[in-house]
């Protein structure tokens with residue numbers, strides 16, 4: 001069995017600290033969800049323009065990236081907000097593919113009880 005942890009557990013560490021500590025503590029991998037105040041890692045330079053260096057950092061330390069964790073809210077009534085949530089999901093799925101992460105996990109908001117959200121959930125489940 002392989003053991004990993006998520007970056008949610010070390011929000012103040014740099015990416016280098018995450019990887020070096022994972023290796024030093026005997027972990028096999030790190031799931032990505034947030035880094036240094038930005039919860040959406042797909043927006044960070046380490047995972048955009050610096051992706052090659054990031055992949056090399058993980059590989060050099062023998063640390064895998066088993067998953068990219070996504071926290072999107074799909075049951076929203078506002079079309080602009082809904083699009084923002086789908087854009088975040090799309091970016092993170094693309095990142096997971098580039099990192100060869102075998103899974104992505106969705107941390108969806110709790111079900112809301114307001115009428116607009118209920119209607120949206122019902123509509124979405126019928127399509």
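Look at residue 110 and say whether it is modelled with pLDDT of 90 or more, exposed (fewer than 12 other Cβ atoms within 10 Å of the Cβ), over 20 Å from residue 20 (Cα atoms) and out of contact with any strand residue (DSSP E or B) (no Cβ under 6 Å at 6 or more places or on another chain). Taking the combined requirement at face value, the residue does not satisfy it. Check whether at least one residue in segment 19-33 is free of Cβ contacts under 8 Å to residues at least 12 places away in the same chain and either crowded, with 19+ Cβ neighbours inside 10 Å or in a helix (DSSP H, G or I) (or both), and report yes or no. There is at least one residue in segment 19-33 that is free of Cβ contacts under 8 Å to residues at least 12 places away in the same chain and either crowded, with 19+ Cβ neighbours inside 10 Å or in a helix (DSSP H, G or I) (or both). Scanning segment 85-100 for residues that are part of a helix (DSSP H, G or I), out of contact with any helix residue (DSSP H, G or I) (no Cβ under 8 Å at 6 or more places or on another chain) and exposed (fewer than 14 other Cβ atoms within 10 Å of the Cβ) turns up 86, 87, 90, 97. Applying the set (1) on the phi > 0 side of the Ramachandran plot; (2) at pLDDT below 80 to residue 116 leaves exactly one unmet item: (1). A single member of 104, 42 is within 23 Å of residue 5 (Cβ to Cβ), in a strand (DSSP E or B) and either touching a helix residue (DSSP H, G or I) at 6+ places or on another chain (Cβ under 9 Å) or at pLDDT 80 or above (or both), and it is 104. Do we find a residue being over 17 Å from residue 15 (Cβ atoms) and in contact with a helix residue (DSSP H, G or I) (Cβ under 7 Å, 6 or more places away or on another chain) anywhere in segment 51-69? No, because not a single residue in segment 51-69 is over 17 Å from residue 15 (Cβ atoms) and in contact with a helix residue (DSSP H, G or I) (Cβ under 7 Å, 6 or more places away or on another chain). When 38, 64 are screened for being in contact with a strand residue (DSSP E or B) (Cβ under 6 Å, 6 or more places away or on another chain) and either surrounded by fewer than 16 Cβ atoms within 10 Å (Cβ to Cβ) or within 17 Å of residue 16 (Cα to Cα) (or both), only 64 passes.
For segment 62-80, the candidate set comprises residues that are part of a loop (DSSP other than H, G, I, E, B), at pLDDT below 90 and more than 15 Å from the chain's Cα centre (by Cα); within that set, the residue that is nearest to residue 42 (Cα to Cα) is 74.
The values are calculated or read from the model by the stated rules, or taken from the named source; none is laboratory data. Note that this is a predicted model, so its numbers are computed, not measured. For neighbour counting, all protein chains shown are included, and Cβ atoms are generated from backbone atoms with ideal geometry for every residue, glycine included.
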